[in-house]
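Shown next, in structure tokens, is the structure this report addresses.
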Amino acid sequence: MIRQIARKFLKGASWDNPVLNAGFLALDPVDWAVRVPRGLGHLPRYSRRIRSNGVGGQFGGGKFAHLGNLLANYLETHAGLTSGSRVLEIGCGVGRTAYALLDRLEQGGFTGMDIERVSIEDCQQRGVFKRKGFKFDSLDVRNDEYNPNGKYDAHEYRFPYDDNAFDVIFLVSVFTHMLTKDVEQYISEISRMLAPGGHCMVTTFLMDHGREGQIGTFAHTEDRHSFIDPKMPEVAVGYEQGFFEENFAKHGVELSHGPIWGAWRKNSPLSEGANFGQDILFFRKPK
Ligand SMILES: C[S@@+](CC[C@H](N)C(=O)[O-])C[C@H]1O[C@@H](n2cnc3c(N)ncnc32)[C@H](O)[C@@H]1O
């Protein structure tokens, strides 16, 4: 809500506004003083967490840690994650789920990528990630909201990772900021990079049970994507479930679980506790 109001009055992302950013920076030491006694001193500071996770509820780190753990639990339960999994997170932001995977991955490995350079640099500097061999790549793909001057178009982007390189690939709140052709290309790339038997978890706003949500109504549709804000569609984008199923099926990858319905829509058919706001789908590449 705060972010939406800010958007109404400010062009671009809230952290790009010098006045708001000064306020976020001023809160960093107070947030740290609250976080440390809770055992959350290893998390990124407040002004960094809000870049990829929104302002609401971020103070003190509790929500950040809780949702990271919830998502990591889903990866174990429905995406076959084990301590030996080779994992790629696309659009990892400031590492919300990566922190929750620190104690769960041992002989496997974690690669996080994002197009928002500041968030990736934060992850790259963290001792907890360095000690565990977690790797983070900043890739210069354009997105009107997060990287408007990016060099490469998402709809023709080839990731710098080998075929069949990962057992688990996941995207949390990333396809919710990407348009049809871009998502189609990413699904093609995910299918290429997944090892046979590998899993993919995607969070999304599914348009199948109504378009009216707590954050606004997805009243506009172009190609296969629906969106709230015609001035900047990437702020919040939704799809029908069939769009994902068709596109993964083109590459031989099948729906394996879901949807787990999220709480974003009014009158959501909630499932599995529905503590995560968005709907979640799981896919699997056959062996
Ligand atoms: C709402 S944030 C979520 C961050 C993270 N997944 C999490 O759960 O905390 C959306 C993220 O998607 C990233 N993103 C947007 N477009 C992208 C693209 N084309 N490729 C990779 N990441 C992208 C943004 O930079 C941003 O970090």
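Going through region 72-87 one residue at a time, which ones are open to solvent by less than 30 Å² (accessible area, probe 1.4 Å) and more than 16 Å from Phe134 (Cβ to Cβ)?
Within region 72-87, Tyr74, Ala79 qualify.
Taking region 62-95 on its own, how many of its residues are among the basic types (Lys, Arg) and near the ligand (Cβ under 8 Å from one of its atoms)?
Of region 62-95, the ones among the basic types (Lys, Arg) are 63, 86.
Cutting the leftovers down to near the ligand (Cβ under 8 Å from one of its atoms) gives us none.
Total meeting the criteria: 0.
Taking into account only those residues within region 31-44 that are more than 15 Å from the ligand (Cβ to nearest atom) and crowded, with 18+ Cβ neighbours inside 10 Å, which is nearest to Leu102 (Cα to Cα)?
Arg35
From the residues in region 148-158 that are open to solvent by 50 Å² or more (accessible area, probe 1.4 Å) and in contact with a helix residue (DSSP H, G or I) (Cβ under 8 Å, 6 or more places away or on another chain), which one is nearest to the ligand (Cβ to nearest atom)?
We begin by selecting, within region 148-158, every residue open to solvent by 50 Å² or more (accessible area, probe 1.4 Å); these are 148-149, 151-152, 155-156, 158.
This time we only want the ones that are in contact with a helix residue (DSSP H, G or I) (Cβ under 8 Å, 6 or more places away or on another chain), so: 155-156, 158.
On the way: His155: 10, Glu156: 12, Arg158: 13 Å.
Taking the candidates together, the pick is His155.
Filter region 159-177 for residues that are in a strand (DSSP E or B) and over 15 Å from Cys92 (Cα atoms); which is nearest to the ligand (Cβ to nearest atom)?
Restricting to residues being in a strand (DSSP E or B) and over 15 Å from Cys92 (Cα atoms), the top hit is Phe166.
If you take the residues in region 96-108 that are open to solvent by 30 Å² or more (accessible area, probe 1.4 Å) and over 18 Å from Arg51 (Cβ atoms), which one is farthest from the ligand (Cβ to nearest atom)? Before the answer, list the steps.
So the first thing to find is which residues in region 96-108 are open to solvent by 30 Å² or more (accessible area, probe 1.4 Å), and the list is 96, 103-104, 106-107.
Add one more test, that the residue is over 18 Å from Arg51 (Cβ atoms), and what stays is 103-104, 106-107.
Details: Asp103: 18, Arg104: 16, Glu106: 23, Gln107: 24 Å.
Ranking the candidates gives Gln107 first.
Which one of Ser47, Ser52 is touching a residue at least 60 places away in the same chain (Cβ under 8 Å) and assigned to a helix (DSSP H, G or I)? If you could, list the steps in order and put the result at the bottom.
Working: Ser47 fails: touching a residue at least 60 places away in the same chain (Cβ under 8 Å).
After ruling out the rest, the residue left standing is Ser52.
Would you point out the residue of region 7-30, among those that are more than 24 Å from the chain's Cα centre (by Cα) and at pLDDT 80 or above, that is surrounded by the most Cβ atoms within 10 Å (Cβ to Cβ)?
Looking at the filtered set, the residue picked out is Leu27.
Confirm whether Leu88 is in contact (Cβ under 8 Å) with a residue 60 or more places away in the chain, over 22 Å from Asn275 (Cβ atoms) and of a type in the set (A, V, I, L, M, F, W, C). Don't jump to the end; show me each part of the working.
On the way: in contact (Cβ under 8 Å) with a residue 60 or more places away in the chain: yes; over 22 Å from Asn275 (Cβ atoms): yes; of a type in the set (A, V, I, L, M, F, W, C): yes.
When the stated conditions are applied, Leu88 passes them.
Taking region 110-147, which residues are within 12 Å of the ligand (Cβ to nearest atom), outside any helix (DSSP H, G or I), touching a residue at least 40 places away in the same chain (Cβ under 8 Å) and open to solvent by 20 Å² or more (accessible area, probe 1.4 Å)?
Selection gives Asp144, Tyr146.
The values are calculated or read from the model by the stated rules, or taken from the named source; none is laboratory data. Here the structure is a predicted model, which is why all the values come from computation and not from measurement. So basically every Cβ, Gly included, is an ideal-geometry build from the backbone, and we count neighbours across all protein chains shown. The protein model used for the area step is the full one, side chains on, heavy atoms only, and it has no ligands, DNA or RNA in it. Shrake-Rupley method; radii C 1.70, N 1.55, O 1.52, S 1.80 Å.
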